[in-house]
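What follows is calculated from the coordinates using simple rules that are stated; it is not laboratory data. The structure displayed is predicted, hence computed values, not measured ones. Quick reminder, even Gly has a Cβ in these numbers, built from the backbone with ideal geometry, and neighbours come from all protein chains shown.
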Amino acid sequence: AQSVTQLGSHVSVSEGALVLLRCNYSSSVPPYLFWYVQYPNQGLQLLLKYTTGATLVKGINGFEAEFKKSETSFHLTKPSAHMSDAAEYFCAVTSHMGAGNMLTFGGGTRLMVKP
Amino acid sequence: EAGVTQFPSHSVIEKGQTVTLRCDPISGHDNLYWYRRVMGKEIKFLLHFVKESKQDESGMPNNRFLAERTGGTYSTLKVQPAELEDSGVYFCASSPLLGAGPEQFFGPGTRLTVL
């Protein structure tokens with residue numbers, strides 16, 4: 001069984017400040033990890049993913065995340081928040097090889113960016 | 001290339017009525033998934049098609065929900081009769097069957113409100 005916990009359903013930062021969205025997962029086998037973003041009135045868009053290899057992964061819009069096996073974490077960061085980053089962010093995990101795998105999601109974190 | 005499309009974008013029905021949601025996956029994607037997000041909760045897996053076959057329907061809440069994918073192209077999800085607790089956002093996702101990573105491509109969702 002897999003599970004994902006996102007700490008903080010709402011996070012508020014000032015424009016230009018560091019963004020840190022937390023994600024911890026539970027998986028009995030090596031996980032594949034994802035961050036998706038949902039902008040208002042849009043679908044889920046893949047920000048970045050970890051499958052194998054380098055544990056620090058870079059995504060779109062300046063976001064990155066680091067897979068830490070010892071901490072079972074996959075926190076999402078961005079050095080400097082922009083107003084356009086305001087959205088809801090979802091961490092997800094799957095442990096199946098290849099395509100054809102269900103995703104298990106965290107509860108989501110809504111990021112608010114103050115001017 | 002067109003993304004995953006879902007119809008309708010919003011649906012408001014009364015308890016006891018029937019609603020049918022439609023999903024058109026990305027062309028050539030044999031994997032098709034349905035997920036649901038009930039207000040305030042996490043996004044949860046409903047079922048997975050590989051072409052026209054149901055691969056995994058372990059997330060379907062009860063027998064009021066019927067999913068089909070005739071011909072292995074678009075899929076429909078019918079709720080009959082709808083109950084208040086069925087309200088939420090229904091997401092569809094697709095992915096290629098072979099030679100691809102584990103990520104899924106999501107549609108914009110259908111927001112279902114049962115009154």
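Sorted largest first, the spans of the alpha carbon positions of chain B along the three principal axes are 43, 23, 23 Å. Modelled spin-label separation between A:Leu7 and B:Leu66, with each label point placed 7 Å from Cα along the Cα-to-Cβ direction: 4.7 nm. Three semi-axes describe the equivalent ellipsoid of the range A:6-62; taken as square roots of 5 times the Cα gyration tensor eigenvalues and ordered largest first, they are 22, 14, 14 Å. What pairs from A:Lys68/B:Lys51; A:Lys114/B:Lys78; A:Lys49/B:Lys44 go past 30 Å between their alpha carbons? Over 30 Å apart, Cα to Cα: A:Lys68/B:Lys51; A:Lys114/B:Lys78. When the alpha carbon gyration tensor of chain A is reduced to an equivalent ellipsoid, the three semi-axes, largest first, read 24, 14, 13 Å.
Calculated on the alpha-carbon coordinates, the convex hull of the range B:1-59 measures out at 120 cubic angstrom per residue. Each of A:Tyr89, B:Tyr74 was scored by other Cβ atoms within 10 Å of its Cβ. Listed from fewest to most, they are B:Tyr74, A:Tyr89.
Each label point was placed 7 Å from the Cα along the Cα-to-Cβ direction; for A:Thr72 and B:Lys41 their separation is 2.2 nm. Take every pair of alpha-carbon atoms less than 8 Å apart whose residues are at least six positions apart; their mean separation over the length of the range B:1-83 yields a relative contact order of 32 percent.
Stokes-Einstein diffusion of the range A:39-107 at 10 °C, 1.306 mPa s viscosity, Kirkwood radius from Cα pairs, rounded to a whole number: 117 µm²/s.
Footprinting exposure proxy ranking of A:His82, B:His10, fewest other C-beta atoms within 10 angstrom first, gives B:His10, A:His82.
In the protein assembly as shown the Cα-Cα distances spread across 5 Å bins starting at 0 as 1, 7, 14, 19, 18, 17, 12, 7, 4, 1, 0 percent of all pairs.
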